[in-house]
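Novice: My questions all concern the structure below.
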Amino acid sequence: MSDPSPSAPTREGARLIDGTALAKRIRAEVAADVAALRLRGVTPGLAVVLVGDDPASGVYVGAKERASREAGMAGDTIRLPANASQSELLALVERLNRDERVHGILVQMPLPAQIDPDTVIRHIRPDKDVDGFHPVNVGKLLIGHTDGFVPCTPAGVQRMLVEHGVATRGAECVVIGRSTIVGKPMAALLMQAGAGADATVTICHSRTRDLASHTRRADILIVAAGRPRMVTADMVKPGAVVIDVGMNRIADATTASGTRLVGDVDFEGVRLVASLITPVPGGVGPMTIAMLLHNTVRAARRTLDA
Ligand code: NAD
């Protein structure tokens, strides 16, 4: 089976949300903002810290550095060995906190076992925390203050909904997953007052009883569980908007690599029921880096306004 083309409408059923095209547009907007900032003497700087040599993390970090440079930013990756101590990493974060050329700091997760991720996140200056994971930014999101940073993946999902004119006000919105990276901030965003929000939000997780009874009520269903194709057509209300955050690599003997990327939604079945759906790949994935660049430009612009 070939991957769905995000640019082509499906023959029947749902329209596709083309995350690749939207991310490209956002990255072009960011590049224009970077050019304007550079004229005012500020080159937005993103520092990505990678500890160890996990191959998947290496790929993500490489993509972030490339994207930031393509947008005209100063994008740097700082690598520490897998056996680096927590105090070494904290010292690096402190140095980046003080460095005026660095506007955004991102420490790539997961970290090796000897380092506590929460301690590291708490050391990043909140106004450089472009991942939006520092407790100050998490709190601002929950309160509804808009001067913090919102985690990139849920911010990207909200932007997708807005760009496609999805009516969120008063809508029944069900989020599957309660992680601090996706599920919780997604729910917090959608429950706020304002554009792209004002929804009635239900969060489901691994202890939820009768998951389908919740998902079938959803006008907007957002799935971030990390379970390949767990959401099937019978769990989706006809006409619902379905956003698939999941990225799961499964075995597939028909591909050259022997694996294939699938989401948490059974795309082939669900697209016949939904009105709008994101493919995997080409849906939410590309939006995450675009929103990271967006957050970094905001961080840099603030240093001028301060
Ligand atoms: P996580 O493992 O931290 O959280 C998964 C959540 O799903 C948990 O809260 C758990 O309670 C819930 N869950 C698991 N099984 C369930 C079930 N059977 N029924 C109901 N709830 C269930 O994962 P995460 O970091 O939030 O990521 C979720 C998925 O999204 C993964 O596939 C990940 O690769 C993907 N992801 C994609 C992007 C992107 O840019 N597209 C970014 C982050 C995460």
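The values are calculated or read from the model by the stated rules, or taken from the named source; none is laboratory data. As the structure is a computational prediction, the values presented were derived from the model and not from experiment. Cβ coordinates were reconstructed from backbone atoms using ideal geometry, including for glycine residues, and neighbour counts include every protein chain displayed. Protein only, heavy atoms only, side chains kept; ligands, DNA and RNA dropped before computing areas. Shrake-Rupley method; radii C 1.70, N 1.55, O 1.52, S 1.80 Å.
Novice: Conditions first: (1) over 30 Å from residue 36 (Cα atoms); (2) modelled with pLDDT of 95 or more. Residue 93 passes all but one, so which condition is the exception?
Specialist: Answer for residue 93: the failing condition is (1).
Novice: Another question, then. Quick one: which residue in 297, 265, 273 is more than 14 Å from the ligand (Cβ to nearest atom), of a type in the set (A, V, I, L, M), farther than 30 Å from residue 46 by Cβ and in contact (Cβ under 8 Å) with a residue 12 or more places away in the chain?
Specialist: The unique qualifying residue is 273.
Novice: For residue 45, are the conditions met, namely being in contact with a Lys or Arg (Cβ under 8 Å, 6 or more places away or on another chain) and more than 28 Å from residue 192 (Cα to Cα)?
Specialist: The answer is yes for residue 45.
Novice: How do the helices (runs of 4 or more DSSP H) wholly within segment 80-182 filter down when requiring 2 or more residues that are open to solvent by less than 20 Å² (accessible area, probe 1.4 Å), touching a strand residue (DSSP E or B) at 6+ places or on another chain (Cβ under 9 Å) and away from the ligand (no atom under 16 Å from the Cβ): which remain?
Specialist: By residue number, 86-98.
Novice: Do we have any residue at all in segment 222-229 that's within 16 Å of residue 277 (Cβ to Cβ), open to solvent by 20 Å² or more (accessible area, probe 1.4 Å) and more than 10 Å from the ligand (Cβ to nearest atom)?
Specialist: Yes, some residue in segment 222-229 is within 16 Å of residue 277 (Cβ to Cβ), open to solvent by 20 Å² or more (accessible area, probe 1.4 Å) and more than 10 Å from the ligand (Cβ to nearest atom).
Novice: Anything in segment 256-306 that is over 25 Å from residue 17 (Cα atoms), over 17 Å from the mean Cα position of the chain (by Cα) and not acidic (Asp, Glu)? List them, or say none.
Specialist: Passing the criteria: 256, 257, 258, 299, 300, 301, 302, 303, 304, 306.
Novice: List pairs: first in segment 165-190 and assigned by TED's automatic domain parsing to the domain that holds residue 243 and among the charged types (D, E, K, R), second open to solvent by 20 Å² or more (accessible area, probe 1.4 Å) and more than 16 Å from the ligand (Cβ to nearest atom), Cβ under 6 Å, 6+ apart or cross-chain?
Specialist: Going by the 6 Å Cβ cut-off, the qualifying pairs are 169/198; 172/200; 172/219.
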